[in-house]
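Scroll down for the structure; my scribbles are underneath it.
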Amino acid sequence: PMPGGATQTVIDNGNGTQIANNETHSNGKRYVNFARATLYSDINFGGLSNAFIAFLGTDVQVNDLALTGYADWNDITSSIKVEAQTQFRFCEHRNFSGICYWTTTSFLDLRDIGMNDKITSLRISYIN
């Protein structure tokens, strides 16, 4: 997470590198069709946030938040905002094991489904 609770946005441009939101890709294209799921440290979309974004035709997959640059997000998510045209998979344990959910809707309070502070792996996909 960024200092002061600012939102950190991660965009996978399909070749393993990241670009900031709404920048032009190295292939000269400007992407407007993308999927976004934002994790929040508190219920009701509160606290720190971290947005994961996937462009049309790509997925963003994190097999184990604890072993990546997102280690601070392992087991702290309390709500999830899922944008239009986004399919979001999240699981309790690394490598998509344990309890898992596929969703196209947001969750204001992950306690409602027994997943508060339990997300370790995730995948975001763009859907038409």
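The values are calculated or read from the model by the stated rules, or taken from the named source; none is laboratory data. Since the model is a prediction, treat every value here as computed from it, not as a measurement. Note that each Cβ is placed from the backbone with ideal geometry, even for glycine, and that neighbours are counted across all protein chains shown. The protein model used for the area step is the full one, side chains on, heavy atoms only, and it has no ligands, DNA or RNA in it. Shrake-Rupley method; radii C 1.70, N 1.55, O 1.52, S 1.80 Å.
Condition check ((1) surrounded by fewer than 14 Cβ atoms within 10 Å (Cβ to Cβ); (2) in a helix (DSSP H, G or I); (3) of a type outside the set (A, V, I, L, M, F, W, C); (4) modelled with pLDDT under 90) across all residues:
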{"residue": "28", "(1), (2), (3), (4)": "yes, no, yes, yes"}
{"residue": "36", "(1), (2), (3), (4)": "no, no, yes, no"}
{"residue": "39", "(1), (2), (3), (4)": "no, no, no, no"}
{"residue": "57", "(1), (2), (3), (4)": "yes, no, yes, yes"}
{"residue": "69", "(1), (2), (3), (4)": "yes, no, yes, yes"}
Considering only the range 92-108, how many residues are within 18 Å of residue 68 (Cβ to Cβ) and either under 11 Å from the mean Cα position of the chain (by Cα) or not in a strand (DSSP E or B) (or both)?
3
Cβ-Cβ distance below 9 Å, separation of 6 or more or different chains: which pairs start in the range 58-77 with a residue that is on the phi < 0 side of the Ramachandran plot and end on one that is open to solvent by 60 Å² or more (accessible area, probe 1.4 Å) and of a type in the set (Asp, Glu)?
65/72; 65/75; 66/75; 76/117; 77/117
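Looking for whichever is within 20 Å of residue 43 (Cβ to Cβ) and either part of a strand (DSSP E or B) or among the basic types (Lys, Arg) (or both) here; the options are 111, 89, 123. Which one fits? Break it down into steps so the answer makes sense when it comes.
Working: 89 fails: within 20 Å of residue 43 (Cβ to Cβ); 123 fails: within 20 Å of residue 43 (Cβ to Cβ).
Only one candidate qualifies: 111.
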